[in-house]
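Notes follow once the structure below has been shown.
The values are calculated or read from the model by the stated rules, or taken from the named source; none is laboratory data. Note that the structure is a prediction, hence the values are computed from the model and not measured. Cβ placement follows ideal geometry from the backbone for every residue including glycine, while neighbour counts extend to all protein chains displayed. Ligands, DNA and RNA are stripped out before the accessible areas are found, and what is left, the full protein with its side chains, is counted by its heavy atoms. Shrake-Rupley method; radii C 1.70, N 1.55, O 1.52, S 1.80 Å.
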Amino acid sequence: MIRSTVARIDLDALIHNFRTIRGYLATARVGTPTRIGTTTPGVIGVVKANAYGHGAAAVALALEQAGADMVACADIEEAILLREAGLRCRVLVFGALSLSALDGIFDHDLTPTLSSPMAARAVQSAAERRGVRVRCHLKIDTGMNRLGFRHDNLDRTMPAIAAAANLEIEAVYTHFATADSPGDEWFAQQQARFDAARARLAAHRIRPRLVHAANSAATLSAPGTWFDLVRPGLLMYGVSPGGLEHGLTLKPVMSLHSRVVAVKGVRRGEITGYGGRFTADRPTTIAIVPAGYADGLDARLAGRGHVLIRGRLAPIVGSVCMDMILVDVTGTVVEPGDAVTIIGQQGEGSIGVAEMARAIGTIPYELLCRVGTRIERIYNRESQSR
Ligand SMILES: *Cc1c(COP(=O)(O)O)cnc(C)c1O
C-alpha cells in the first residue's frame, strides 16, 4: 500500500542538472577575468540532509554513476548510510566530527573535515592508533563564523597540523555566507581572506593538492571561486539559490503529489478548519487533500499557498492540519481521487518550490528538507529505488 501523498524524484532530471553544471564549468564564459584554474573543476555533489529531502542513497548513487568526483554530507552518521547503500565514491563529511562516531571514518573510508584543533587532534590520534594516514580536508573560517580554523589565527594553529604525521591534508576549503548576493562586500572579503589563508598554509609547509570553496551561488556567480572542485547542492536539485539568474536549463528534481480524498460544500458565512481562520464569503467548494504539516507542509501556507487541481491553481485556505489541507476549488468540478500537485507541474500550471518558499517568507532549502519521512519517494529509475 502506498499513501496518496508521494514525492516523485526525477533522477534523470538530477543527472541532467549535474551534466549541465559540469558543461557550464567546462565552458566558463569567455573573458571571465577571475577564473583561476586552468583545468575544468570537478564536482562534489552535496547530499546532506537526506539529499535535501530527495533521498540520499538514491541521489548519491546516481551522482556516482554520473561521474561526481565526491559527494558530501553533514556528518559521519549520514555518510555511513551512504556506504551501507553501496556507495563507493569518495565521501566528504562537512560537519564537526562527533568524537563518538570517529571510528566510522576508518571503518567506512570517509574523508573528514578538520575544522578545529581539537578535531584534528582526535583524528590524528585515532589514525595513529590504527597505524594509518587519513586524507582530510581542512576548513578555514574566512568570516562566516561557523565551523573552521579562523583565518587570522593560522600561525598558531597550523604548526600542529603540519606536524601531525597521520593526517594527509588533501584539500583546503572555505564556505561563503553571502555568495547569493554577488556584489556583497562580505563575499569579496571572504575570498581575499581565503587567498591570504592559503599563503599562510604554504608558509607552514601545508600544501593541499586541492582547493574548493563554491556552493551553488558561487558556482553561478563567481568563477574565481571555483578552484579545483565546486560544491553545489541546491542547484543540482534544479533550484536556483536566492533566485540568482542564470542561463542554465535546470529541471526540478522533486515534485510533490496527492489526491483529493473528499469534496465538501460550505455555505456562505460558515468556517472551515481549526481556528475558523477561513470564513466562506460565498457558497464555497472545499477539496480535502491528505497532506499536512506532519508531511512537512508549512503551516504558513494557509492563506498564502496554492495547489494544482485539474490544471488550475487552487488556494490553500483555513489552516494546515497535521494530516490534511483544505483547498478552495469553487467553480471547478472536482471529485475525490483527482490528482493534486503540491509542488511541480500539472497541465499548463506549475508551482515551484522557490515560489512556494517566497510566498511564506522562507527559503527553498527548508521546504525541500522538510518533506516528511512518511512521504514515500518514488524514483523513476528502477535500480535506484532501494
Ligand atoms: C550545504 C553546503 C553546500 C551546498 O550549498 P548549496 O547552497 O545548496 O549549493 C556547500 N558547502 C558546504 C560546506 C555546505 O554546508
Which net charge results for the neighbourhood of H108, defined as the other residues with beta-carbon distances under 12 angstrom from its beta-carbon, given Lys and Arg at +1 and Asp and Glu at -1? -3
Percent carbon-and-sulfur accessible area, segment 1-111, ignoring ligands, DNA and RNA, probe 1.4 Å: 53
Assuming a ≥ b ≥ c are the square roots of the Cα gyration tensor eigenvalues, decide whether segment 1-145 counts as rounded (a/c under 1.5), prolate (otherwise, with a/b larger than b/c) or oblate. oblate
For the chain, calculate the relative contact order in percent as a whole number, restricting contacts to Cα pairs under 8 Å that are 6 or more residues apart. 18
Which value, in debye to the nearest 20, gives the size of the charge dipole of segment 194-288 about its Cα centre, when Lys and Arg are +1 and Asp and Glu are -1 at the Cβ? 260
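If the chain between R374 and L313 were fully stretched, how many nm would it gain, using 0.36 nm times the residue separation less the Cα-Cα distance?
19.4 nm is the gain from fully extending R374 to L313.
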Restricting to Cα pairs under 8 Å and 6 or more apart, the percent relative contact order of segment 154-308 works out to 15
Based on the mean of other Cβ atoms within 10 Å per residue, sort peptides 169-180, 214-225 so the most packed one is first. 214-225, 169-180
Any chance you could give the angle, 0 to 90 degrees and rounded to 10, that helix 117-130 forms with the longest Cα principal axis of the chain? 70
May I ask you to give the percent of accessible area on segment 233-386 that is carbon plus sulfur, with a probe radius of 1.4 Å? 50
Per residue accessible area of segment 128-257, 1.4 Å probe, in Å²: 43
Starting from the alpha-carbon convex hull of the chain, give the projected area averaged over all orientations, in nm². 21.1
So, counting K/R as plus one and D/E as minus one, what does the shell of residues with Cβ under 15 Å around A66 add up to? +2
Run down the lysines and flag those whose C-alpha is under 24 Å from the C-alpha of K48, throwing out any fewer than 8 positions away in its chain. K139, K251
Express in whole angstrom the spacing between the alpha-carbon centres of segment 114-141 and segment 169-223. 21
Selection from G275, L14, W186, by position along the positive dipole direction of the chain (Cβ): W186
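Can you give the net charge of the other residues whose Cβ lies under 13 Å from the Cβ of A164, counting K and R as +1 and D and E as -1?
Computed value for this residue: +2.
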Counting only C-alpha contacts under 8 Å and six or more residues apart, can you give the relative contact order of segment 228-363 as a whole percent? 25
Take the chain, connect every pair of alpha-carbon atoms lying under 10 Å apart with a spring to form a Gaussian network, then pick out the residue of V230, V329, V132 with the largest mean-square fluctuation. V132
